[in-house]
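Visitor: One structure, as structure tokens, below. Some questions next.
The values are calculated or read from the model by the stated rules, or taken from the named source; none is laboratory data. Values in this document were obtained by computation on a predicted structure and should not be read as measured data. Counting neighbours? That spans all protein chains shown, and the Cβs are built from the backbone with ideal geometry, glycine included.
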Ligand code: NAD
């Protein structure tokens, strides 16, 4: 039987590290780290995420600042708010919840965030620094994926890793981080030929696609570590929705370890967001320019 990687337990360990940073900053006389979350419009899923983030801040002793703006907010008004948050000392991290309404240019908004406060790690400066190996804030879900893999196997240098998916928010940065760990990385996607055969060579398989149970048992090498990033909502009986990952969980019991959905990658994302915010605050407090998260 494959080991089930308990994402909630690993997230709790990360929370503990975050709390230690918060407590040491406060003990030194600094304000607690502050996270500003900006939500434009009333997307129900985004409302839920923002609620979770605010609650997690309370739990770990971070300050949170919610900015809820109307769907009709202009790009100029949003950019002005980001400018203010960039200048406010009590704000160490800024998160703009996506998707944004169609009349707002998402890339322009994300690039307006001070890279030192870009705790989502999506600003091109952070993408570039992480890719060049010169520091930078690492994006939350990909950093969480690597932490889960390393909870099973500390030294993954030299292992063959296959990533399914090449999105800017998951697939590509996961590949970048695994390359930095010394893995030999293959990035696959919707145009990849012989996907199953490529996956079957992987010591580490990361699925970030958004297709329920795409990865079947015979795609997985015995003894592989399998990380399932996918979150797929399916209609269950009696109108009850069910969450499925990108991996057919029951078929991959010959793997060494596998993440469940839910309870695998999901809990890591918010934990990493708060960790990035606490790290940014630590760097600001030490007079640096913020956001170096290379120490995990
Ligand atoms: P995306 O739609 O931006 O990218 C999907 C990728 O999968 C693309 O690169 C595409 O080429 C590839 N793909 C599509 N069909 C394929 C196929 N049949 N074979 C091989 N590759 C295929 O999605 P995303 O934002 O990267 O998210 C991927 C999944 O991860 C989604 O289910 C999303 O909900 C989930 N997700 C989870 C978390 C979390 O916190 N757990 C965070 C972000 C995303």
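Visitor: Taking the options 43, 120, name whichever one is farther than 25 Å from residue 22 by Cα and either at pLDDT below 95 or touching a strand residue (DSSP E or B) at 6+ places or on another chain (Cβ under 7 Å) (or both). Give the derivation first.
Guide: On the way: 120 fails: farther than 25 Å from residue 22 by Cα.
From the options 43, 120, the qualifying one is 43.
Visitor: Right, residue 235: surrounded by fewer than 18 Cβ atoms within 10 Å (Cβ to Cβ) and in contact with a strand residue (DSSP E or B) (Cβ under 7 Å, 6 or more places away or on another chain) or not? It would help to see each step written out before you state the result.
Guide: Values: surrounded by fewer than 18 Cβ atoms within 10 Å (Cβ to Cβ): yes; in contact with a strand residue (DSSP E or B) (Cβ under 7 Å, 6 or more places away or on another chain): yes.
Against the criterion (surrounded by fewer than 18 Cβ atoms within 10 Å (Cβ to Cβ) and in contact with a strand residue (DSSP E or B) (Cβ under 7 Å, 6 or more places away or on another chain)), residue 235 qualifies.
Visitor: Taking residue 192 and the conditions (1) within 12 Å of the ligand (Cβ to nearest atom); (2) outside any loop (DSSP other than H, G, I, E, B); (3) touching a helix residue (DSSP H, G or I) at 6+ places or on another chain (Cβ under 8 Å), which numbered condition does it fall short on, given that it satisfies the others?
Guide: That leaves (2) as the condition not met.
Per-residue answers, yes or no, for (1) within 16 Å of the ligand (Cβ to nearest atom); (2) under 24 Å from residue 12 (Cβ atoms); (3) assigned to a helix (DSSP H, G or I); (4) without any contact (Cβ under 8 Å) to a residue 60 or more places away in the chain:
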| residue | (1), (2), (3), (4) |
| --- | --- |
| 250 | no, no, yes, yes |
| 267 | yes, yes, yes, no |
| 274 | yes, yes, yes, no |
| 277 | no, yes, yes, no |
| 287 | no, no, no, yes |
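Visitor: Identify all residues within segment 59-86 that are under 20 Å from residue 282 (Cβ atoms) and either within 21 Å of the chain's Cα centre (by Cα) or surrounded by fewer than 19 Cβ atoms within 10 Å (Cβ to Cβ) (or both); write none if there are none. Walk me through how you get there before you give the answer.
Guide: As a first pass, look at segment 59-86 and keep what is under 20 Å from residue 282 (Cβ atoms): 59-65, 85-86.
Across segment 59-86, the qualifying residues are 59, 60, 61, 62, 63, 64, 65, 86.
Visitor: Just the residues that are touching a helix residue (DSSP H, G or I) at 6+ places or on another chain (Cβ under 6 Å) and farther than 20 Å from residue 272 by Cβ, please, taken from segment 195-215.
Guide: Hits for segment 195-215 are 196, 199, 200, 205.
Visitor: Just for segment 198-210: of the residues that are under 20 Å from the mean Cα position of the chain (by Cα) and assigned to a loop (DSSP other than H, G, I, E, B), which one is surrounded by the most Cβ atoms within 10 Å (Cβ to Cβ)? Give the steps one after another, and end with the answer.
Guide: So in segment 198-210, the residues under 20 Å from the mean Cα position of the chain (by Cα) come out as 204-210.
After this cut, where a residue has to be assigned to a loop (DSSP other than H, G, I, E, B) as well, the list is 208-210.
Numbers: 208: 26, 209: 23, 210: 14.
Here the answer is 208.
Visitor: I would also like to ask the following. When segment 211-248 is examined, which residues are found to be free of Cβ contacts under 8 Å to residues at least 40 places away in the same chain, outside any strand (DSSP E or B) and either within 16 Å of the ligand (Cβ to nearest atom) or under 18 Å from residue 173 (Cα atoms) (or both)? Talk me through it step by step, then tell me what you get.
Guide: Here is the first cut: in segment 211-248, the residues free of Cβ contacts under 8 Å to residues at least 40 places away in the same chain are 211-213, 216-224, 228, 230-245, 248.
Remaining after also requiring outside any strand (DSSP E or B): 211-213, 216-224, 230-231, 236-240, 245, 248.
Passing the criteria: 211, 212, 213, 216, 218, 219, 220, 230, 231, 245, 248.
Visitor: In the set 99, 115, which member is under 30 Å from residue 84 (Cβ atoms), within 12 Å of the ligand (Cβ to nearest atom), more than 13 Å from the chain's Cα centre (by Cα) and in contact (Cβ under 8 Å) with a residue 24 or more places away in the chain? Break it down into steps so the answer makes sense when it comes.
Guide: Working: 115 fails: within 12 Å of the ligand (Cβ to nearest atom).
Just one listed residue meets the conditions, 99.
Visitor: In segment 16-31, which residues are surrounded by fewer than 20 Cβ atoms within 10 Å (Cβ to Cβ) and over 22 Å from residue 83 (Cβ atoms)? Spell out how you get there, then give the answer.
Guide: Step one: of segment 16-31, the residues surrounded by fewer than 20 Cβ atoms within 10 Å (Cβ to Cβ) are 16-17, 19-20, 23-24, 26-31.
Within segment 16-31, 16, 17, 19, 20, 23, 24, 26, 27, 28, 29, 30 qualify.
Visitor: Somewhere in segment 140-148, is a residue within 14 Å of the ligand (Cβ to nearest atom), surrounded by fewer than 17 Cβ atoms within 10 Å (Cβ to Cβ) and under 14 Å from the mean Cα position of the chain (by Cα)?
Guide: First, the residues of segment 140-148 that are within 14 Å of the ligand (Cβ to nearest atom): 140-148.
Right, trim to surrounded by fewer than 17 Cβ atoms within 10 Å (Cβ to Cβ) and you get none.
No, segment 140-148 contains no residue that is within 14 Å of the ligand (Cβ to nearest atom), surrounded by fewer than 17 Cβ atoms within 10 Å (Cβ to Cβ) and under 14 Å from the mean Cα position of the chain (by Cα).
Visitor: Only one of these is free of Cβ contacts under 8 Å to residues at least 24 places away in the same chain, within 11 Å of the ligand (Cβ to nearest atom), assigned to a loop (DSSP other than H, G, I, E, B) and more than 21 Å from residue 95 (Cβ to Cβ): 166, 154. Name it. Show your work before the answer.
Guide: On the way: 154 fails: within 11 Å of the ligand (Cβ to nearest atom).
Exactly one of 166, 154 is free of Cβ contacts under 8 Å to residues at least 24 places away in the same chain, within 11 Å of the ligand (Cβ to nearest atom), assigned to a loop (DSSP other than H, G, I, E, B) and more than 21 Å from residue 95 (Cβ to Cβ), namely 166.
Visitor: Of the residues that make up segment 177-185, is at least one surrounded by 22 or more Cβ atoms within 10 Å (Cβ to Cβ), more than 9 Å from the ligand (Cβ to nearest atom) and more than 15 Å from residue 141 (Cα to Cα)?
Guide: Among the residues of segment 177-185, at least one is surrounded by 22 or more Cβ atoms within 10 Å (Cβ to Cβ), more than 9 Å from the ligand (Cβ to nearest atom) and more than 15 Å from residue 141 (Cα to Cα), which makes the answer yes.
Visitor: Is segment 4-11 home to any residue that is within 19 Å of the chain's Cα centre (by Cα) and over 30 Å from residue 245 (Cα atoms)? I'd like the intermediate steps shown before the answer.
Guide: Here is the first cut: in segment 4-11, the residues within 19 Å of the chain's Cα centre (by Cα) are 5-11.
Pick out the ones that are also over 30 Å from residue 245 (Cα atoms) and you get none.
There is no residue in segment 4-11 that is within 19 Å of the chain's Cα centre (by Cα) and over 30 Å from residue 245 (Cα atoms).
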